[in-house]
There are 2 protein chains.
Amino acid sequence: MSDVFNALSSPVRRQILSMLKTRAMTAGEISEKLDIGKSTLSGHFNVLKAADLVVTDKVRTTITYSLNTSVVEDVLASVVGLLSKNKPED
Amino acid sequence: MSDVFNALSSPVRRQILSMLKTRAMTAGEISEKLDIGKSTLSGHFNVLKAADLVVTDKVRTTITYSLNTSVVEDVLASVVGLLSKNKPED
DNA sequence: TCGTTATTTCGCTAAATACCAAAATAACAA
DNA sequence: TTGTTATTTTGGTATTTAGCGAAATAACGA
């Protein structure tokens, strides 16, 4: 879970995730909108992938990133377990 | 929200929060259990306070830390808003 | 094989963070 | 005022992270 919270702690990465909410995007598209170098962005993608927050689909030389929504439940459960005094079923 | 996710990204700080789940504790008590210097711990407390995840109660020279459970809902709402494709009410 | 295109890896610097021990501070009791 | 106790601040080093441009890689089409 460290990976997930670490990924979410960066404003840039949260912005990337918000962009992916609407639709899947390529690294190039995201790079254009964010005014951040492609190599820097590549590092952010690694962090997001390590946290399993995004999934990739490579077509030619183009890699499309999309949100891995299945992690949402895990994150929610973790937050509840971490900060709630009562058990989840209460 | 950066502050909250940043606070949660540290294993040490998550452990502190878990300890506070059971009962409120002083900085000294936590320091004993964690084998981490008091000055270092003081820094971690500042991070947790900046994220509004803990509240303090000073009696004499002793400061007792306890979990600020009211933030839980905020964190959950943020995660949902950040990662869910559908609106919360759907 | 030779380009072309999209992305990553590779140095590199600057800024942020974690950690410690020692000194400083705060809040009293005597 | 002096001493005691709990915590914070300070000063220091070491590690991590974000950022860049340039070079390297991958996956083709011609």
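The values are calculated or read from the model by the stated rules, or taken from the named source; none is laboratory data. The model shown is predicted, which means the values in this text are computed figures rather than measured ones. As a convention, Cβ positions derive from the backbone with ideal geometry for all residues, glycine included, and neighbour counts pool all protein chains shown.
All told, B:LEU34 falls short of being within 11 Å of chain A (Cβ to nearest Cβ) and touching a helix residue (DSSP H, G or I) at 6+ places or on another chain (Cβ under 9 Å).
The residues listed here are A:VAL4, A:VAL47, A:VAL59; of these, the one that is at the interface with chain B (Cβ under 9 Å from one of its Cβ atoms) and either touching a residue at least 40 places away in the same chain (Cβ under 8 Å) or within 16 Å of DNA strand C (Cβ to nearest atom) (or both) is A:VAL4.
Every residue, every condition in (1) exposed (fewer than 15 other Cβ atoms within 10 Å of the Cβ); (2) within 7 Å of DNA strand D (Cβ to nearest atom); (3) closer than 18 Å to A:VAL72 by Cβ, yes or no:
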{"position": "A:PRO11", "(1), (2), (3)": "yes, no, no"}
{"position": "A:LEU17", "(1), (2), (3)": "no, no, yes"}
{"position": "A:MET25", "(1), (2), (3)": "no, no, no"}
{"position": "A:GLY28", "(1), (2), (3)": "yes, no, no"}
{"position": "A:GLU32", "(1), (2), (3)": "yes, no, no"}
{"position": "A:LYS38", "(1), (2), (3)": "yes, yes, no"}
{"position": "A:HIS44", "(1), (2), (3)": "no, yes, no"}
{"position": "A:VAL47", "(1), (2), (3)": "no, yes, yes"}
{"position": "A:ALA50", "(1), (2), (3)": "yes, no, yes"}
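When the helices (runs of 4 or more DSSP H) confined to chain B are screened for residues that are modelled with pLDDT under 90 and more than 25 Å from A:GLN15 (Cα to Cα), those reaching at least 2 such residues are found at B:11-22.
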